[in-house]
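Below is one structure, written out as structure tokens; the observations come after it.
The values are calculated or read from the model by the stated rules, or taken from the named source; none is laboratory data. These numbers come from a predicted model, not from an experiment. Backbone-built Cβ (ideal geometry, glycine too); neighbour counts: all protein chains shown. Protein only, heavy atoms only, side chains kept; ligands, DNA and RNA dropped before computing areas. Shrake-Rupley method; radii C 1.70, N 1.55, O 1.52, S 1.80 Å.
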Amino acid sequence: MDGDAVRLSILARKEILVALCFLAPSLIGFALFYLIPFGQSIIFSFENPSGEAGLSLANYESLLASSSFQKAMGNTFWFTIIGVPILIVLSLALAVMLNKRVFFRNWLRTSYVLPLVVPVASIVLVWQILFDWNGFFNHVLEWLGIDRIDWMKSEWAQGVIIVIYVWKNIGYNVILFLAGLQNIPDQYYEIANLEGASWARKLQITLIYLIPTGFLVMLMSILNSFKVFREIYLVAGDYPHDSIYMLQHYMNNMFLSLDIQKLSAAACLMVLCILVIVLMLFSVERKFRSFME
């Protein structure tokens, strides 16, 4: 019996060693390109701007007092607050529709997944053509007798970016919601039909069992809202309208001016905000799971 235990222990160690050998390239790459640079950024963010030795909070104090940073933080916050709920509601509605037998269902599924496989630059160029001063929508407005709108240089800019954000990410969320819908047992709906339940009751059943998937969709949507810089940069350039000046714009400008300390402080604050949001979502999910059990 002791000999079998020793052999099993040796075999387990060998399997762990083999697994570590396979994981080593990824772990080394992650450490070199993500973990170590982020650790250096944390150190840079606490460096004294005056060049004196020791750690200091001066970079964070200067950052929080900066009107540009406050504007970027506020725009990012409002973009997430507005864009994420719209994206989740539309994704859920489309997933429920596509989960049923509707006309052109397969074609619709393909069309919603298409933004995930097309390069961002190509897609954004299309949107730029649509919302340009001489673009499609301004020609339509002119045909209707309405003055042209400078979409990307006015308060309409945030609405345009929200539309692009929703269109770009809706396919991924629909896939997740479809997977969640197809994991709900049909017996629940059959029992509801036998009891003469209304459509509202059936919708309640769907929403209750979709909550775990909803947490994942919400988390991914929030993270993707922090990555909308690519689309804004390609559509509006380095210095867009004030309403779409995001945190990534601020950090990009700090990088161009080689203000590494403020850039590092801004990156650390952004990571901290994302971490707090993620921890809150996981906390709510754990409470919900314990309540369901």
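Structure notes:
- Residue list for segment 62-83, filter: open to solvent by 70 Å² or more (accessible area, probe 1.4 Å) and under 16 Å from Met254 (Cα atoms): Leu64, Ala65, Ser67, Gln70, Lys71
- Taking the criterion of being open to solvent by 40 Å² or more (accessible area, probe 1.4 Å), closer than 29 Å to Glu155 by Cβ and either of a type in the set (Val, Ile, Thr) or touching a residue at least 60 places away in the same chain (Cβ under 8 Å) (or both), the residues of segment 242-268 that qualify are Asp242, Lys262.
- Search result, residues across segment 1-53 that are more than 22 Å from Ile260 (Cα to Cα), open to solvent by 80 Å² or more (accessible area, probe 1.4 Å) and modelled with pLDDT under 75: Met1, Asp2, Val6, Arg7, Leu8
- Subset of segment 216-241 [closer than 26 Å to Met152 by Cα, open to solvent by less than 30 Å² (accessible area, probe 1.4 Å) and part of a helix (DSSP H, G or I)]: Ser221, Ile222, Asn224, Ser225, Glu231, Ile232, Val235, Ala236
- Test result for Val89, free of Cβ contacts under 8 Å to residues at least 40 places away in the same chain and either in a helix (DSSP H, G or I) or open to solvent by 80 Å² or more (accessible area, probe 1.4 Å) (or both): yes
- Evaluation of Tyr209 against the conditions (1) closer than 20 Å to Asn59 by Cβ; (2) open to solvent by 60 Å² or more (accessible area, probe 1.4 Å) shows that the sole unmet condition is (1).
- Restricting attention to segment 123-182 and to residues that are among the basic types (Lys, Arg) and open to solvent by 40 Å² or more (accessible area, probe 1.4 Å), the residue that is farthest from Thr213 (Cα to Cα) turns out to be Arg148.
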